[in-house]
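Accompanying notes for the structure given below.
The values are calculated or read from the model by the stated rules, or taken from the named source; none is laboratory data. All values derive from a computational prediction rather than experimental measurement. Cβ sites come from the backbone with ideal geometry, for glycine too, and all protein chains shown count toward neighbours.
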Amino acid sequence: MRLVFRYGLILICVCAILSCATSPEVLPEPAETQAEAKPTVSVKTDTQVAIMNFKILARDNGLEYLAAEIPQSLTSAFLNGGIIQPVERQQFEELEGEIITSQMYSDKDEMLRLGRLLGADYLLLGSLTVLGDAGKINCRLIETETGEIVFTDDVSGSLKDLFAMEAELAARIEERLIR
C-alpha cells in the first residue's frame, strides 16, 4: 500500500512538472511584447546644481528682478522633479556675497571655484533676452570639475508665458542629466 502511494505521489509530481513546463505563463514572451517594454533608466538623484542669477538683456530696466526669479523658479521645478538637487539659494547667495565681485560673472574660473566650494557638480548659467513682448531664455550647464559645457539650450515665447518657458527649460535640463 505504501509503495502504491509513493508511486502515485511521484506520478502526480511528474504530471505537475510537465504541465508547468508547457504552460503558456512559463514560455518566453513574443518578441513584439518584449520590444514594447519600456527601458528602465538609472538616475543619479543626488546631482547638485548651483544656479547662478541670470543676466537680463532688455531695454526695460524694470525686468531686473527676473535675474533672481528665473533661478528661483528653476530651483522649485528641480526640487519637484526629484532628479536634480539644487544648491540652496540662500547658502549660495551668502557665499556669493562674501567672495564675489561684480567681475566674477565674467570670470569662468571664479564661477567654477564657487560651484566646487558649494559642492555642486554643475553650474547653471543663463540669460533672458527681451524684445518687445517676446522673451528667450538661454542656459548653459557647466561641469564644475572640468569646466566643460555639457548642455546648452533655449526656450522662446511671449513674456506672458514666462512660467511655462521656465518649466520647459527645467524639464529639458533634467532630461539631459538622466541620459
* Members of segment 59-86 that are β-branched (Val, Ile, Thr) and under 14 Å from the mean Cα position of the chain (by Cα) -> Thr75, Ile83, Ile84
* Would you check if Leu114 is farther than 19 Å from Ser73 by Cα and surrounded by 16 or more Cβ atoms within 10 Å (Cβ to Cβ)? => yes
* To do: Report the residue count in segment 82-111 for those that are exposed (fewer than 15 other Cβ atoms within 10 Å of the Cβ), at pLDDT 75 or above and within 20 Å of Thr152 (Cβ to Cβ).
  => 1
* To do: Among the residues of segment 117-153, count how many are surrounded by 13 or more Cβ atoms within 10 Å (Cβ to Cβ), without any contact (Cβ under 8 Å) to a residue 60 or more places away in the chain and among the acidic types (Asp, Glu).
  => 2
* To do: State which residue is nearest to Ile173 (Cα to Cα) when the search covers only segment 115-162 and only residues that are assigned to a helix (DSSP H, G or I) and in contact with a helix residue (DSSP H, G or I) (Cβ under 9 Å, 6 or more places away or on another chain).
  => Leu162
